[in-house]
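*Asks:* My questions will all concern the structure given below.
The values are calculated or read from the model by the stated rules, or taken from the named source; none is laboratory data. Given the structure is predicted, the values throughout are model-derived calculations rather than measurements. Heads up, the Cβs are rebuilt from the backbone with ideal geometry, glycines too, and the neighbour counts pull from every protein chain shown.
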Amino acid sequence: MICSILSSFFNPKPLCKSLSPTDIFRIFPAVFLTILGGITGVSTAQAADIPLAIIGPHEYDLPVDFKPFNVLVQYGDGNAAGSTYNSQGARKPQGGSHTWAGMTKYVHFRSFDALPHVGFAFEVIQTESYTLANGTNYGGLGGTISGPAVWFKPNKHSTFGIQTFLQTPSGTRDALATHYWSNLSSFIFDYEWKHFSFDGDLGAIVNMTKHVDGQHSYTPGTTFHSNLRFSWKAHRVVEPFLAFDWQNTAGTRDRTVQNWIDNSSSREVAMGVGAMFTLTKNISLTTRYSHSVEGRNTPETNAYYMKFVYLW
C-alpha cells in the first residue's frame, strides 16, 4: 500500500519492485532536534550546538496519504570546542569544552482520511550527553522532548509544514537539567529536483523562567535559528551535501533583581559538508563535519555529526 501511494507522488511508474526499506526511510525522515544545554545564571557564554544542527538531507521530504508506521533512530554528535567567541565576536583559545551528545527517538507517523493530503507525526526523543571541561567530566540523560509535526505538499516535489515540541526541565544530573520548560517550534520545507534536494527550517525556542531553591530566578532569552541542507544525488549509495546553520539568542534576565545578565546574548553561524550513505537495503548512515565561521558569546562549533538508521 505504501508503495502504491508513493508511486502517485514521486514517480508515474510503480515503485513497489524497486523501493527498499532505506528508500522508504529517506522519504519518511523524522524531524530532529539537537540537545539544548542548560543556561546558568552567571554564564557569559551559551551552550554549544546550534538547534536542529544534526538534520541531514531529505529531513523534511515527507509524504501524505499513507498508512500509519513507526521509526526508531539513533543520532549522535561530538563537538571539540577548543575556543570561544567573546562579546566582541573575537575567537579566543579559551573557555571551550568537549561534548558528546546523542538522541534516541521514536516517531509515529500517520494520516487521516478526514484530512486528505496532510501528514502527521508524533515524536518522543530522549537526549543523552557527556561533557569534558575545566578538569571535570560528567554524563547522563538530559530532558525529554516530545510533540507533533504536521505538513502538506503544495506539489509532488515539495513539502511545507510546522512542528512544535516541549522539552522537560529534567535530567539524571543537576548539570544536565535545564530546570525550566522550553517550547521549540519551527516552519519546515523541502524541495526535490531530479539531481538535487533542498531542505530547511526556520524556528524559535521560547523558555520559561528557571527556578532553583536558594538561587535567583532567570528567564533565558528566546533563540531564533535556521538550518539549511543542499544535497547532490550523485549516486544511489552516496549523496554529498552542504550545511548552513544559524542561531541568535537574546540575553538572560535575572527575574529576582530585574536585571539583564551581561554578555548573555549570543549568536553563531556554522557551515559544513557531509554525505549520506545507503549501505544496504536496511542500513543508512549520514555523517557531517561543521565549523563556526562567526559567533559571539558562544563556544565554537567544531563538530562531527552522525545519523544511523536500521530498519527491520
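*Asks:* What residue, of 106, 60, 75, 85, is under 24 Å from residue 184 (Cβ atoms), touching a Leu at 6+ places or on another chain (Cβ under 7 Å) and surrounded by 15 or more Cβ atoms within 10 Å (Cβ to Cβ)?
*Replies:* Working: 60 fails: touching a Leu at 6+ places or on another chain (Cβ under 7 Å); 75 fails: touching a Leu at 6+ places or on another chain (Cβ under 7 Å); 85 fails: touching a Leu at 6+ places or on another chain (Cβ under 7 Å).
Criteria check complete, one pass: 106.
*Asks:* Of (1) without any contact (Cβ under 8 Å) to a residue 60 or more places away in the chain; (2) surrounded by fewer than 21 Cβ atoms within 10 Å (Cβ to Cβ); (3) touching a strand residue (DSSP E or B) at 6+ places or on another chain (Cβ under 8 Å), residue 235 satisfies all except one. Which?
*Replies:* Unmet condition: (3).
*Asks:* Further, regarding this structure: Return the only residue of 172, 178, 209, 164 being without any contact (Cβ under 8 Å) to a residue 24 or more places away in the chain and among the hydroxyl-bearing types (Ser, Thr, Tyr). Steps first, answer last, please.
*Replies:* Working: 172 fails: without any contact (Cβ under 8 Å) to a residue 24 or more places away in the chain; 178 fails: without any contact (Cβ under 8 Å) to a residue 24 or more places away in the chain; 209 fails: without any contact (Cβ under 8 Å) to a residue 24 or more places away in the chain.
Answer to the selection: 164.
*Asks:* Is it the case that some residue within the stretch 228-236 is polar (S, T, N, Q) and either out of contact with any helix residue (DSSP H, G or I) (no Cβ under 6 Å at 6 or more places or on another chain) or on the phi > 0 side of the Ramachandran plot (or both)?
*Replies:* yes
*Asks:* Tell me whether the stretch 295-303 contains one or more residues that are under 18 Å from the mean Cα position of the chain (by Cα), touching a residue at least 24 places away in the same chain (Cβ under 8 Å), assigned to a strand (DSSP E or B) and within 24 Å of residue 73 (Cβ to Cβ).
*Replies:* The answer is yes; a qualifying residue exists.
*Asks:* Right, something else. Test residue 183 against the stated conditions and say whether it is in contact with a strand residue (DSSP E or B) (Cβ under 7 Å, 6 or more places away or on another chain) and either assigned to a loop (DSSP other than H, G, I, E, B) or of a type outside the set (A, V, I, L, M, F, W, C) (or both). Write out each step before concluding.
*Replies:* Working: in contact with a strand residue (DSSP E or B) (Cβ under 7 Å, 6 or more places away or on another chain): yes; either assigned to a loop (DSSP other than H, G, I, E, B) or of a type outside the set (A, V, I, L, M, F, W, C) (or both): yes.
So residue 183 fits the description; yes.
*Asks:* Report yes if some residue within the stretch 136-150 is at pLDDT 95 or above, closer than 21 Å to residue 112 by Cα, under 14 Å from the mean Cα position of the chain (by Cα) and among the aliphatic types (A, V, I, L, M); otherwise report no.
*Replies:* yes
*Asks:* Follow-up. Please work out which one of (1) free of Cβ contacts under 8 Å to residues at least 40 places away in the same chain; (2) assigned to a loop (DSSP other than H, G, I, E, B) is the condition residue 150 fails and give its number.
*Replies:* (2)
The rows are residues; the columns are (1) more than 24 Å from residue 96 (Cα to Cα); (2) out of contact with any helix residue (DSSP H, G or I) (no Cβ under 7 Å at 6 or more places or on another chain); (3) crowded, with 16+ Cβ neighbours inside 10 Å.
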residue	(1), (2), (3)
139	no, yes, yes
163	yes, yes, yes
193	yes, yes, no
196	yes, yes, no
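*Asks:* Out of all the residues in the stretch 195-232, which are farther than 30 Å from residue 157 by Cα and hydrophobic (A, V, I, L, M, F, W, C)? Spell out how you get there, then give the answer.
*Replies:* Let us first name the residues in the stretch 195-232 that are farther than 30 Å from residue 157 by Cα, namely 206-223.
206, 208, 212, listed by residue number.
*Asks:* I want to confirm something. Restricting to the stretch 277-294 and keeping residues that are closer than 19 Å to residue 78 by Cα and either at pLDDT 95 or above or crowded, with 22+ Cβ neighbours inside 10 Å (or both), which single residue is farthest from the chain's Cα centre (by Cα)? Let's see the steps before the verdict.
*Replies:* From the stretch 277-294, those closer than 19 Å to residue 78 by Cα are 285-293; that's our starting set.
Subset that is either at pLDDT 95 or above or crowded, with 22+ Cβ neighbours inside 10 Å (or both): 286-293.
Numbers: 286: 14, 287: 14, 288: 13, 289: 15, 290: 14, 291: 16, 292: 17, 293: 19 Å.
Across the stretch 277-294, the extreme among qualifying residues is 293.
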